[in-house]
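Student: Submitted below is the structure of interest, expressed as structure tokens.
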Amino acid sequence: MKRILIIDDDLAVQTSLQILFTGEGYECLAAEDPVKALQVMKKMRLDLILLDMNFGLHTSGQEGLALLQEIKQILPILPVILITGWGTISLAVEGMKKGAADFITKPWKNEHLLNAVRTSLKLSDEKKKDAVISRRQLEKEFDIEKVVGDDADFLKQLYTACRVSRTDATVLLLGESGTGKEQIAEVIHRNSLRKNQQFVKVNLGGISSSLFESEMFGHKKGAFTDALFDRKGRFEMADGGTVFLDEIGDLDPVSQVKMLRVLQDRSFEVLGSSQTRTVNVRVVCATNRDLEKMIASGDFREDLFYRINLVTIRLPALRERKGDIPLLAEYFLDILRQRYRRPAVHFAESALDWLSDQSWPGNIRELKNLLERTVVVSNHDRISKEELSSEMKQAPRIQDLRQLENRDDLTLEDMEKERILQTLQKHNYNISQSARVLGLSRGALYRRLEKFGITL
């Protein structure tokens, strides 16, 4: 039986939490101040602590932070969940930096609090399983169909994703564009207890600030000029399942505040309605941006960052897992054989060596697109390194705009295309960063890529 220590000076809070957790099969202990809490810790085995930020008449939260530090010195891996009011959210974030597992705001919702406790306990158990695992072991225990790779660093991240999939922990996927973040999000959903429910994908970079509430939370008929009927938002569509928030680093400051609230207690208001709705969703986020730098520059909320990164998974770039390039190439070629009805098409041995030597700034997506273009234009079954190299050279290339300005045969569209290509290359084919530099939305940039026949 898991044992929980509740540290709170309010007897009513102690009693309420003890009734809640005892009813769920946990053993509960209580302490009203730091001195008694430390005494209990030294005498009893504990699995989790619920820690209020304030004791007595003090409301600064510093007592809670001080006690958290003492707890972490004595039991560094013991999960501690902070209980705080909205007024001390910044202190809760400071607590996350000092090692807290999560924070819950008052007044709490029982189911949300229970989920936070269950998740922290499961993650604590999983941290004890950090042994190196082979691809074969992963395949026996988890559904990782269509995930290709044997690289040790990649398998370590994949193993983490699989292990935490059976919890409700919020996961943050980091990595360059094209490294497979969406695929890993799908793996997390497919191996979770929610696998038979909806997996809803949302590209936040493609949603304007004015449409954010309608897209994410839905709207009622008549809520605004073009609201001709009721519409479900993405969070409601994902109720019971998983919502994948891609490009979360692209959220503007106002939308970040709205996102924080729904991630805080899974509640929101449909646009045009004053009724609060609650959903039961697992949240997986992804970005190719450096959120810590954005926090330092004031472009991303620190409290939102600590809400979404309960578990962080960093996917390596393709150039960092070169041993997987032949495996990925053969995997994609097998798909292309079926798609284009060319069962005999195959690689020359030198072709695979050539592919492994490339830097792949566009990562897996760039590799896949190069192979597809080559299969489409090739008129024989043996794909050589010369064909691949030729096709890569024929792909849209960057020219110096100063040279283009001296040419009289170029149209404005030619100049626009070259400017887009130059920006993409400069930013390693990162769509979000390129769009921002060009002064476009992600959607507008994607439309221009389609217009100019630019593939990534």
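Student: Straight-line reach from residue 36: which aspartates and glutamates have Cα under 19 Å away, leaving out those fewer than 8 places along the same chain?
Tutor: Excluding near neighbours in sequence, the set is 8, 9, 10, 27, 47, 52, 63, 70.
Student: Quick check: residue separation of residue 156 and residue 182 times 0.36 nm, minus the Cα distance between them. What number comes out in nm?
Tutor: Numbers: separation 26, 0.36 × 26 = 9.36 nm, distance 1.73 nm.
Gain on stretching residue 156 to residue 182: 7.6 nm.
Student: Ranked highest first by average number of other Cβ atoms within 10 Å, how do 146-155, 165-174 line up?
Tutor: So the order, starting with the most tightly packed, is 165-174, 146-155.
Student: Within the chain, what percent of beta bridges assigned by DSSP are antiparallel, to the nearest 5?
Tutor: If we restrict to bridges inside the chain, about 10 percent are antiparallel.
Student: Straight-line reach from residue 220: which lysines have a Cα under 21 Å away, not including same-chain ones fewer than 8 places off?
Tutor: 232, 258
Student: Still on this structure, please answer the following. Using the alpha-carbon atoms, what tilt in degrees (0 to 90, nearest 10) does helix 385-394 show relative to the longest principal axis of the chain?
Tutor: The angle comes out at about 80 degrees.
Student: I would also like to ask the following. What is the angle, in °, between the Cα long axis of helix 181-190 and the longest principal axis of the Cα atoms in the chain? Nearest 10 is fine, range 0 to 90.
Tutor: Rounded to the nearest ten degrees, it is 50.
Student: Hey, what number do you get for the chain at 222 nm if only DSSP H runs of n ≥ 4 count, each worth -39500 (n - 2.57), divided across all residues, to the nearest 500? Don't skip to the end; give the middle numbers.
Tutor: Values: 21 runs with 218 residues, N = 456.
Mean residue ellipticity, 222 nm, calculated: -14000 deg cm²/dmol.
Student: If you don't mind, another one. State whether the range 237-287 is rounded, prolate or oblate according to the following rule on the C-alpha gyration tensor (a ≥ b ≥ c being the square roots of its eigenvalues): a/c under 1.5 gives rounded; otherwise a/b larger than b/c gives prolate, and the remaining case gives oblate.
Tutor: oblate
Student: Continuing with this model, one more query. Would you mind checking the range 148-171 for residues with the amide N under 14 Å from a putative spin-label position 7 Å along Cα→C-beta of residue 335?
Tutor: 148-149
Student: Let me ask something additional. First measure r as the distance between the Cβ atoms of residue 140 and residue 210, then evaluate 1/(1 + (r/R0)^6) with R0 = 56 Å and state the FRET efficiency to the nearest 0.05.
Tutor: Plugging the Cβ-Cβ distance into 1/(1 + (r/R0)^6) gives 0.70.
Student: Continuing with this model, one more query. Quick one: Cα convex hull volume of the chain, Å³ per residue? Each step should come with its number before you reach the end.
Tutor: Values: hull volume 85.0 nm³, N = 456.
Taking only Cα atoms, the chain has a hull volume of 186 Å³ per residue.
Student: For the chain, take the longest principal axis of its alpha carbons; what is the angle in degrees between that and the long axis of helix 62-74, to the nearest 10 within 0 to 90?
Tutor: Taking Cα atoms only, the helix is inclined about 80 degrees.
Student: Net charge near residue 413, counting Lys/Arg +1 and Asp/Glu -1 over other residues with Cβ under 11 Å of its Cβ?
Tutor: Surrounding charge for residue 413 is +1.
A short reminder: the numbers here are calculations on the coordinates, not readings from a lab. The structure displayed is predicted, hence computed values, not measured ones. Counting neighbours? That spans all protein chains shown, and the Cβs are built from the backbone with ideal geometry, glycine included.
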